[in-house]
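A quick write-up on the structure given underneath.
Derivation of every value follows stated rules applied to the coordinates shown; laboratory data play no part. The model shown is predicted, which means the values in this text are computed figures rather than measured ones. Virtual Cβ from ideal backbone geometry, glycine too; neighbours counted across all protein chains shown.
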Amino acid sequence: MAICPSTCAPTLPDSYSGGCGVITRQGGIKKFAFIKCDYTFTDITDATEWSTAIADGNVVGSGLVLAQKPKGSFTKKRIASCEPEAVVGAEKSITFQDYNTDGVTAGGYGTLQYTFWNSVLAEPQNYLFAFYTCDGFVYGTINDFQIEIDEVIEDNDTGNTFFDGTITWNDVLMNVPAKVDLDGIL
């Protein structure tokens with residue numbers, strides 16, 4: 001007996017199983033890209049387009065980061081008495097640390113990294129967000145994200161000063177990665 005009318009039956013997705021065991025992917029988020037909100041990629045997998053977008057001031061990359069994206073937090077709601085709860089929303093996040101500095105300038109360390117992060121922090125609505133993984137995939141672009149970031153100064157002279165942050169966005173669906181080699185570009 002069918003549990004849904006034949007007019008509601010979906011087309012099944014293609015199988016991704018190779019049938020020969022599990023093939024894993026490398027973890028790690030390498031860098032972030034912040035993109036002007038009015039810029040649209042013609043082909044996000046084209047490294048030349050990324051180079052041009054960076055040169056034209058439409059995209060800027062972070063330094064190397066230590067970052068992870070855990071499983072999202074899903075919101076469920078009962079919307080029918082005789083049915084289980086349904087997923088009605090989700091919040092995704094990336095937590096990260098940025099240990100970069102722009103180097104030593106006259107009189108001490110530079111401050112470009114403060115300007116960079118404060119610009120994104122002050123007006124995230126002016127940017128789209130993407131992240132580039134250690135295995136060469138870009139996830140994005142993500143709009144309507146929020147960012148929390150602040151400086152951490154460790155308690156002794158053998159510690160570090162770094163930026164600790166979280167980027168969040170709402171989306172039930174997963175971002176589909178695109179393979180592109182941005183090493184040396186972003």
Practice problem: Please give the length that would be gained between residue 100 and residue 153 if that part of the chain were fully extended, namely 0.36 nm times their separation in residues minus their C-alpha to C-alpha distance (nm, one decimal). | Solution: 17.8 nm
Practice problem: Mind giving me the FRET efficiency for residue 179 and residue 15? R0 is 25 Å, r the Cβ-Cβ distance, nearest 0.05 is fine. | Solution: 0.80
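If you count, for each residue, the other Cβ atoms within 10 Å and average over each peptide, how do 54-64, 174-184 line up from highest to lowest?
Taking the mean over residues of other Cβ atoms within 10 Å, the ranking is 54-64, 174-184.
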Quiz prompt | Label-to-label distance, nm, for residues given as residue 66 and residue 164 (7 Å Cα→Cβ offset) | solution = 1.1 nm
Quiz item: Leaving out same-chain residues fewer than 8 places away, which aspartates and glutamates sit with a Cα under 17 Å from that of residue 179?
Solution: 43, 46, 49, 135
Quiz item: Using a cut-off of 12 Å between alpha-carbon atoms, which aspartates and glutamates can reach residue 77, once sequence neighbours fewer than 8 places away in the same chain are excluded?
Solution: 85
Practice problem: Order the peptides 116-124, 8-16 from the highest to the lowest mean number of other Cβ atoms within 10 Å of their residues. | Solution: 116-124, 8-16
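Taking a quarter of the surface of the convex hull around the Cα atoms of the chain, what do you get in nm²? Before the final figure, lay out the partial values.
Numbers: hull surface 69.0 nm².
In nm², the orientation-averaged hull projection of the chain is 17.3.
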Quiz item: Across the stretch 130-136, in residue order, what do the Karplus-derived ³J(HN,Hα) couplings come to in whole Hz, using 6.51 cos²θ - 1.76 cosθ + 1.60 with θ = phi - 60° and x for Gly and Pro?
Solution: 9, 10, 10, 8, 4, 9, x
Quiz item: Quick one: Karplus J couplings for the stretch 44-50, per residue in order, coefficients 6.51, -1.76, 1.60, θ = phi - 60°, nearest Hz, x for Gly and Pro?
Solution: 5, 8, 8, 4, 5, 5, 4
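Restricting to DSSP H runs of at least four residues, report the calculated mean residue ellipticity at 222 nm for the chain, -39500 (n - 2.57) per run over all residues, nearest 500 deg cm²/dmol. Working shown, then result.
Details: 2 runs with 20 residues, N = 186.
Value at 222 nm, helices only: -3000 deg cm²/dmol.
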Exercise. For residue 75, list long-range residues whose amide hydrogen, built 1.01 Å from N in the peptide plane, is under 5 Å from its own amide hydrogen.
Key: 88, 89, 90, 91
